[in-house]
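First the structure, in the form of structure tokens, and then the observations on it.
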Amino acid sequence: MSYIYFNPNPAGKKVGDCVIRAICKFTRQDWRNVYWRIAEQGAMLFDMPSSNNVWASYLRDLGYRRFVISDSCPDCYSVKDFCIDYPVGRFLLATGSHVVTVIDGNYYDAWDSGNENPIYFWTKEFI
């Protein structure tokens, strides 16, 4: 389990587009494609692309499912803990203010978000 730097933003920006960056890695798509698809989804839903509802709708359309993480200790369960618990598979984790991709126990982000507390995740592979 480790942090791996990942920033597909063509301008190298690290603020405001974490949903786009994470979805790029999660779905194996480039930044511009994800940005335009999420923006299009937002227009169809009459909501902002950064809205959880918008990008959730996009992921559902791609066949992903959302799962809630147990809140038995919401302040002590981290992205790093998730990586240990789920060492195999592709996951998109959402915290209250950030989104990060986990693949086979490693987390990919433009900064080390390993201490963030995820509240739910998306995947196709989880049963």
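Assorted remarks:
- To the nearest 10, the accessible area of Arg32 is 140 Å² with a 1.4 Å probe.
- Overall form of the range 87-127 per C-alpha gyration tensor (a/c, 1.5; a/b vs b/c): oblate
- Shown for the range 1-123 is the translational diffusion coefficient from the Stokes-Einstein equation, using the Kirkwood radius over Cα pairs, a temperature of 4 °C and a viscosity of 1.567 mPa s: 90 µm²/s.
- Shown in residue order for the range 36-43 are the 3J(HN,Hα) couplings computed by the Karplus curve 6.51 cos²θ - 1.76 cosθ + 1.60 at θ = phi - 60°: 5, 5, 5, 4, 4, 4, x, 5 Hz (x for Gly and Pro).
- Taking amide H as placed 1.01 Å from N in the peptide plane, Gly89 has its amide H under 5 Å from the amide H of Asp104, Gly105, each at least 5 places away in sequence or on another chain.
- From its DSSP helices (H runs of at least four residues, each -39,500 (n - 2.57)), the chain gives a residue-normalised ellipticity at 222 nm of -10000 deg cm²/dmol.
- Note on exposure: Ser97, Ser57 ranked by accessible area (1.4 Å probe, complete protein assembly) read Ser97, Ser57, with the most exposed listed first.
- Stretchable slack from Asp71 to Ser2, in nm (0.36 nm times residue separation minus alpha-carbon distance): 22.5 nm
- The 3J(HN,Hα) values that the Karplus relation (6.51, -1.76, 1.60; θ = phi - 60°) gives for the range 3-18 are, in residue order, 7, 10, 4, 8, 8, x, 4, x, 9, x, 5, 10, 10, x, 10, 4 Hz. Gly and Pro appear as x.
- Sequence-distant residues sharing a close amide H with Tyr120 (under 5 Å, placed H): Ile69, Ala94
- Rounded accessible area per residue of the chain, 1.4 Å, Å²: 55 Å²
The values are calculated or read from the model by the stated rules, or taken from the named source; none is laboratory data. In this text, all values refer to a predicted model and were calculated from it rather than measured experimentally. Protein only, heavy atoms only, side chains kept; ligands, DNA and RNA dropped before computing areas. Shrake-Rupley method; radii C 1.70, N 1.55, O 1.52, S 1.80 Å.
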